[in-house]
Amino acid sequence: MNNEDEFFDAVTVHSRSFIICIVLHVGTLKRCVCMFMNGKPFFCPLRSSLPAPMFSRNDFSIWSILKKCIGLELSKITMPIVFNEPLSFLQRISEYMEHTYLIQKACSQSDSIQRMQTVAAFAVSAVASQWDRTGKPFNPLLGETYELTREDQGFRLISEQVSHHPPISAFHTESLTGDFVFHGSIYPKLKFWGKSVEAEPKGTITLELHKHKEAYTWTNPFCCVHNIILGKLWIEQYGTVEIVNHSTGEKCVLNFKPCGMFGKELHRVEGYIQDKSKKKCCVIYGKWTECMWSVDPQVYEAHRKLEKKGTTDTRKQKQVLVSLIGLAINEDADEMPDVQETVAVIPGSTLLWRISSRPPHSAEMYNFTNFAMTLNELEPGMEGVLAPTDCRLRPDIRAMENGNIDEASSEKERLEEKQRAARKERAKDDEEWSTRWFQLCTNPYTGSQDWLYTGGYFDRKYTDCPDIY
């Protein structure tokens, strides 16, 4: 593993003495952390599991805490640490980038409708990691940051907790080749409704494709965790997501469907893309937990009509659909994945995205994806280059990840008390909190307030960072 010739030449040595990124090992195609110290690379393989499995929550009652909070906003409620997962919300935000290849695909497409299809698939994929993730991420401390450079996926990300009340997390991701910028600020407003907790992800997300001089904006759907008192925990996402291409006037409207009385619509997403004259160009459908497809609107409507009539003659259905799309349907065009799919694929559809499989031990590791499993990894040498405010250095999250729940709980209390004391000191001195890497500005595409990156983080000048841990 120490032979640098076995790795892709994917890292550029910058003028600074130490940088971190992730590359692919050519021989095994395994991802590795690549760190440059004084111009010399050394490599550490990315982990595929956590140091310790998750705790059992069977002996803990959440009802004693939440029964007084029905209908209230939960950001100020202290929850037992056993209901957390060992990641900060800033790290959870970075999971938007798990399927970065979709952004890169959109950059390479010449047709604007095809680009919108791919951007829509990316918007759905960005929330797919929430499937079965019933643990609550740690609330970021004011001034907390997280950085992630993925050379193998071609991006680097920086995020910062820019406000505590209300809690606002800002992030900025940029392509390493200058192809795109993806940024936003999220205010996750939580409410308890008796049997469930609902998260409203306030805030705008913006994707800029530089080659095409395009900007897309949208907001994420609502997320709800059910059966937090009794029964098996499960998650649904619902609401309308509207993706706007501010350059062409094209729009994609996605309906994340609520479960419904009999669960028939659970996880389903349906929508359409319209051009600037409001003509429907294609229909998009699937499940945010599985896959997304696109199909011609006429084919979609014909299929729906046949479904409503209860037609069982599949040959007749195919003949009608073939006459509309003008091509023979290939029975083997899309192979079924290993996991049984529950999306009925309409003949003539094009696959936009399919979810990646999770590791076999995911259920014992907070239902993390392979991508999430690596987010809090701290290799020797990283501490000397990361900003002192980086999530990886939080002692409560680190203790929980290592299986030390008592230490994690006491550290969490200490950090929260330290934050309260710092806030009182600022109030006494009539001092306003100053963000380090983001500034409250106007989003140039929506006209609404947004936290935008001011630059400079990767220059590694952290002398004025706050002491929050």
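The values are calculated or read from the model by the stated rules, or taken from the named source; none is laboratory data. Given the structure is predicted, the values throughout are model-derived calculations rather than measurements. No Cβ is skipped: glycine too gets one built from the backbone with ideal geometry, and neighbour counts run over all protein chains shown. Side chains are part of the model used for accessible areas, which takes the heavy atoms of the whole protein and leaves out ligands, DNA and RNA. Shrake-Rupley method; radii C 1.70, N 1.55, O 1.52, S 1.80 Å.
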Fill in: Area of Y238 that stays accessible when all protein chains are in place (1.4 Å probe, Å², to 10)
50
Worksheet item: When only the heavy atoms of the protein chains count and the probe is 1.4 Å, how do Y101, Y453 rank by accessible area, highest first?
Response: Y101, Y453
Worksheet item: What length, rounded to one decimal in nm, is gained on full extension from A421 through to A363, with 0.36 nm per residue of separation minus their alpha-carbon distance?
Response: 17.1 nm
Discussion item. In Å², and per residue, what accessible area does segment 350-469 have when probed at 1.4 Å with the other protein chains present?
Written reply: 51
Practice prompt. Calculate, for segment 191-309, the solvent-accessible area per residue in square angstrom, rolling a 1.4 angstrom probe over the heavy atoms of the protein chains.
Written response: 48
Worksheet entry | Y469 paired with E377, simple spin-label distance in nm, labels 7 Å along Cα-to-beta-carbon | 1.8
Discussion item. Considering only C-alpha atoms, what is the centroid distance from segment 144-180 to segment 248-273, in Å?
Written reply: 28
Worksheet item: For segment 164-313, rounded, prolate or oblate, judged on the Cα gyration tensor with a ≥ b ≥ c (square roots of eigenvalues), a/c < 1.5 rounded, else prolate if a/b > b/c?
Response: oblate
Practice prompt. For F222, F371, give the ranking by accessible area with the largest first, probe 1.4 Å.
Written response: F222, F371
Worksheet entry | Residue-level accessible surface for E425, protein heavy atoms, 1.4 Å, Å² | 90
Response to the item:
Expressed in square angstrom to the nearest 10, the accessible area of I81 with a 1.4 Å probe stands at 10
Response to the item:
Cα extents of segment 144-197 along the principal axes, largest first, in whole Å, come to 47, 23, 16
Worksheet entry | Part-to-part distance (alpha-carbon centres) for segment 283-297 and segment 378-397, which is given in Å | 40
Worksheet item: Which of K278/K309; K278/K308; K276/K309; K136/K264; K191/K251 have a Cα-Cα distance over 32 Å?
Response: K276/K309
Practice prompt. Can you sort E98, E242, E144 by 1.4 Å-probe accessible area, starting with the largest?
Written response: E242, E98, E144
Worksheet, complete the sentence: Expressed in nanometres to one decimal, the distance between label points 7 Å along Cα→Cβ at R57 and T350 is 4.0
